[in-house]
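In what follows, a single structure is set out as structure tokens and then discussed.
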Amino acid sequence: LCSDDLHFVYELIQNAQDNSYQEGVIPGLKFVLLSDDPTQSENSKGCLCIINNEIGFSEADIKSICSSGKSTKKLKKAEGFIGEKGIGFKSVFKVSNYPHVFSNGFHFQLLGDDKVTGLSYIIPYWINDLPSVVKENRESTCILLPLIKDKYEAIKTELRRHKPEVTLFLDKLKRVEIHIPSENYEAIFEETLVDDTITLTSTIDGKEKQRQFLLSNKKVSVPESLKEEKREGVKERTISIAFPL
């Protein structure tokens, strides 16, 4: 899926950019790294909770992540969707054998060692009891990743390295939060756009820093002679350059 075990963090950020949001909602993504596992999954250490205030999974989305080589985004390239092939979510399999999904009334888990069918990460199993972190965020999509034992420390290090520039060219996702309760660590990254100036604000453990960029966008037409199967229907694209001020 991905050569780098920790690349899944950026796949999830990409998914949050592609998701749909209610009007008036500021699109945001929250990572909460717990030292314990609220799902009580076998042979797991800690749990990474991903909380996104999107409108929620559809039946088609469920079928997509339970399939191989299928994605609901393939037909949406012309609308500016980034992801494809459904590997955005599937990248979490590198760090979790039992991903749990709670979204829009769907509550299920996928098994990396499904002894009934022998098919890993394909069959969704319904969940009746909701962990407290899910109950506290009922209006959002919650993905809980009970972590493979040797992944916890590496993920904690990666989350603490997060840079605000990650969302610089994402026109939808405006807020990323990272919480590590066991270390009282809290980081909030926010983006605001006024005219052509983007301000990235980082608040880490209560200390605020800001960086500003001048953003230049230009739409370009795709030459009619250029045919690309994965980009069928895409007629134009926007090239963006950000200059640090």
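The values are calculated or read from the model by the stated rules, or taken from the named source; none is laboratory data. All of these numbers come straight from a predicted model, not from anything done at the bench. For neighbour counting, all protein chains shown are included, and Cβ atoms are generated from backbone atoms with ideal geometry for every residue, glycine included. Heads up: the accessible areas ignore ligands, DNA and RNA and are worked out on the full protein's heavy atoms, side chains in. Shrake-Rupley method; radii C 1.70, N 1.55, O 1.52, S 1.80 Å.
For the chain, a simple Cβ point-charge model (Lys and Arg +1, Asp and Glu -1, everything else neutral) yields a dipole of about 580 debye relative to the Cα centre.
Binning the C-alpha pair distances of the chain at 10 Å intervals from 0 yields a P(r) profile of 7, 29, 35, 21, 7, 1 %, listed from the shortest bin outward. Given a 1.4 Å probe and every protein chain left where it sits, what share in percent of the accessible area of segment 152-221 is carbon and sulfur? Result for segment 152-221: 47 percent of the exposed heavy-atom area is carbon or sulfur. Within the full protein context, the accessible area of Ile143 is estimated at about 20 Å² for a probe radius of 1.4 Å.
Each part reduced to its alpha carbon centroid, segment 107-135 and segment 1-48 end up 16 Å apart.
Using a probe of 1.4 Å on the protein chains alone, the accessible area found for Ile26 is around 120 Å².
Largest accessible area first, the residues Thr197, Thr141 order themselves as Thr197, Thr141 under a 1.4 Å probe with ligands, DNA and RNA left out.
When nucleic acids and ligands are ignored and a 1.4 Å probe is applied, Ser64 ends up with an accessible area of around 10 Å². Taking a ≥ b ≥ c as the square roots of the eigenvalues of the alpha-carbon gyration tensor, segment 104-245 is classed oblate because a/c is 1.5 or more while a/b is no larger than b/c. When Leu193, Leu110, Leu6 are compared by accessible surface with a 1.4 Å probe, the order from highest to lowest is Leu193, Leu6, Leu110.
Taking trypsin sites (Lys or Arg not before Pro) across segment 147-245, the ones in a DSSP loop with at most 15 further Cβ atoms lying within 10 angstrom of their Cβ are Arg161, Lys172, Lys227, Lys235.
Annotation: per residue accessible area for the chain equals 57 Å², rounded to a whole number [probe 1.4 Å, protein chains only].
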